[in-house]
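Remarks on the structure that follows.
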Amino acid sequence: MLNDRAQVGFQTVDQKPDPVSLQREGTCCTSQIGRGGIASRREFLKTSVLTGIAASTGWGAIPQRAMAEERKEKKGGEIRYGLVTYQWGKDWDLPTLLKNCERAKVLGVELRTTHKHGVEPSLSERQREEVRRQFEKSPVQMVGIGSNERFDSPDPKVLQAAIDATKAFIQLSHDVGGSGVKVKPDSFHKDVPREQTIAQIGRALNEVAEYATGFGQQIRLEVHGQCAQLPTIRAILDVADHPNVAICWNSNPQDLEAPGLEHNFNLVKDRLGQTTHIHRFDVSNYPWAELMDLFVKVNYSGWMMLEEGVVPAHPAEELIKQRELFEQALSEARQRVG
């Protein structure tokens with residue numbers, strides 16, 4: 001269960017942005033960071049984030065009056081539309097990705113590992129600085145890294161390799177200006193009790209979340225694989241009680257299993273992270289209107305990001321259409337919720 005520690009990383013109505021986002025927007029003590037490069041940013045974040053947790057103040061600081069006024073204007077928090085490079089952006093190099101997203105007014109990206117953008121842990125410090133500079137020159141925000149790491153393996157060596165790889169992605173996301181790393185739960189294994197796997201996943205999440213805190217990064221557990229039923233995710237979260245572990249809602253068919261979407265959403269709504277994965281609004285049987293209502297009702301603030309496996313003939317053009325459909329759906333949800 002969640003304890004009384006600061007709710008770091010959960011996007012609730014009172015959530016404050018993380019230092020990386022504030023730094024990117026020019027409001028997070030940039031004079032203290034200066035031009036010292038990656039190492040100095042790491043030390044700054046380790047000090048500022050840990051101090052924030054100890055003081056139970058969350059990430060950074062934003063004037064509460066401004067936040068309240070913004071919520072009056074936009075019911076449902078500050079919900080923005082972004083893109084996961086899986087699969088529509090998998091063949092775009094970084095300049096093309098930024099150009100296409102800017103043109104589509106899709107101003108946030110989650111970079112899935114192994115894609116043509118090339119943002120991987122193998123990058124040198126100079127290459128990481130260059131990636132960061134490209135984002136700083138663009139209106140498109142580097143939201144985070146979409147890793148493929150998972151913590152279910154009964155083999156201790158495989159599990160440790162996944163933990164170590166996640167830590168490398170955490171450093172990478174920090175260095176290029178991101179705010180978090182997506183991971184997976186993921187499967188159950190023959191002759192291993194489900195409860196044992198759930199506990200193992202939760203402990204691994206706590207370990208990487210503690211490490212990520214020192215880099216100002218959120219651990220985003222994608223609702224995925226054989227663990228995609230929301231009661232299972234809830235059980236994992238009850239073990240993974242570190243305040244820097246959040247979920248990435250993934251808009252799966254399992255969300256609709258009895259007793260229904262609202263019940264399953266309510267199981268995990270206290271742990272929603274800064275990223276949510278959605279799909280095309282015009283070719284799916286998923287109840288998007290109901291989902292949007294639920295996110296608006298909890299005053300979600302974060303990114304709802306298109307993750308779509310079927311690539312259209314002209315993904316850059318289709319991205320514009322999907323952003324427009326999303327904005328319409330969000331507007332209608334705000335009107336319904338009142």
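May I ask for the net charge around Pro287, where only other residues with Cβ less than 11 Å from the Cβ of Pro287 are counted and Lys, Arg are +1 while Asp, Glu are -1? Net charge in that neighbourhood comes out at -4.
Run the accessible area of the stretch 170-246 with a 1.4 Å probe and give the carbon-and-sulfur part as a rounded percent. Heavy-atom surface of the stretch 170-246 belonging to carbon and sulfur, 1.4 Å probe: 49 percent.
At an R0 of 41 angstrom, the distance between the Cβ atoms of Glu257 and Asp191 translates into a FRET efficiency of 0.95.
In nm, what is the difference between 0.36 nm times the number of residues separating Ser124 and Lys99 and their Cα-Cα distance?
Values: separation 25, 0.36 × 25 = 9.00 nm, distance 2.40 nm.
Between Ser124 and Lys99, full extension yields 6.6 nm more.
Within the stretch 113-164, what whole-number % of the accessible surface is contributed by carbon and sulfur, with the 1.4 Å probe and all protein chains included in the calculation?
On the way: 1310 of 2640 Å².
The value for the stretch 113-164 is 50 percent carbon and sulfur by accessible area.
Compare the peptides 173-183, 105-115 by average per-residue count of other Cβ atoms within 10 angstrom and give them in order, highest first. Numbers along the way, then the final one.
On the way: 173-183: 27.7, 105-115: 21.5.
Ranked from most to least packed, the peptides come out as 173-183, 105-115.
When only alpha carbons are used to place a centre, the stretch 167-186 and the stretch 97-158 end up 9 Å from one another. Think of a 1.4 Å ball rolled over the protein heavy atoms: the stretch 158-214 then has 35 Å² of accessible area per residue. Counting only the Cα atoms, the stretch 220-322 fills a convex hull of 107 Å³ per residue.
The values are calculated or read from the model by the stated rules, or taken from the named source; none is laboratory data. Remember, it's a predicted structure, so these values are computed and weren't measured experimentally. With ideal geometry, Cβ positions are generated from the backbone for all residues, glycine too; neighbour counts draw on all protein chains shown. These accessible areas exclude ligands, DNA and RNA; they are computed on the full protein's heavy atoms, side chains included. Shrake-Rupley method; radii C 1.70, N 1.55, O 1.52, S 1.80 Å.
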